[in-house]
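Okay, so here's the structure we're looking at.
The values are calculated or read from the model by the stated rules, or taken from the named source; none is laboratory data. Quantities reported herein were computed from a predicted structural model and do not represent experimental measurements. With ideal geometry, Cβ positions are generated from the backbone for all residues, glycine too; neighbour counts draw on all protein chains shown.
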Amino acid sequence: MPIKKVAIFLMIIGIEKGQSVIALMDNGEIKAIIPEIRNLTAISPEIQENIWKEFTELGYEDTMNPSETLTMIRFLFNGSKISDRGRK
């Protein structure tokens, strides 16, 4: 589920910020995350709130630049790059 959480988070922060973060990902990360974003349907406010809370607890702040945001996202993957191995 970490990849789905990242996909939802990227949608929550908005298209412009989300695209800036995705632009910094390597090809493997992009191949893992884009299908998840495409598969997103209506996300309840409760789920959005829970994911927002989780990412802010990881250290996300609105003032972070895309590189800092990607680094924070990678904490979900034990500091390594995002990959399909995260799917469980």
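Tabulated data for the structure shown
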| item | result |
| --- | --- |
| Filter result for the condition that a residue is among the charged types (D, E, K, R), over 14 Å from the mean Cα position of the chain (by Cα) and more than 17 Å from ASN78 (Cα to Cα), over GLU36, GLU61, GLU46 | GLU46 |
| Number of positions in segment 44-88 that are within 16 Å of ILE3 (Cβ to Cβ), among the aromatic types (Phe, Trp, Tyr) and at pLDDT 80 or above | 2 |
| Hits in segment 21-42 - residues which are outside any helix (DSSP H, G or I) and either in contact with a Gly (Cβ under 9 Å, 6 or more places away or on another chain) or surrounded by 12 or more Cβ atoms within 10 Å (Cβ to Cβ) (or both) | MET25, LEU40 |
| Considering residues of segment 43-68 that are of a type in the set (A, V, I, L, M, F, W, C) and in a loop (DSSP other than H, G, I, E, B) only, the residue surrounded by the fewest Cβ atoms within 10 Å (Cβ to Cβ) | ILE43 |
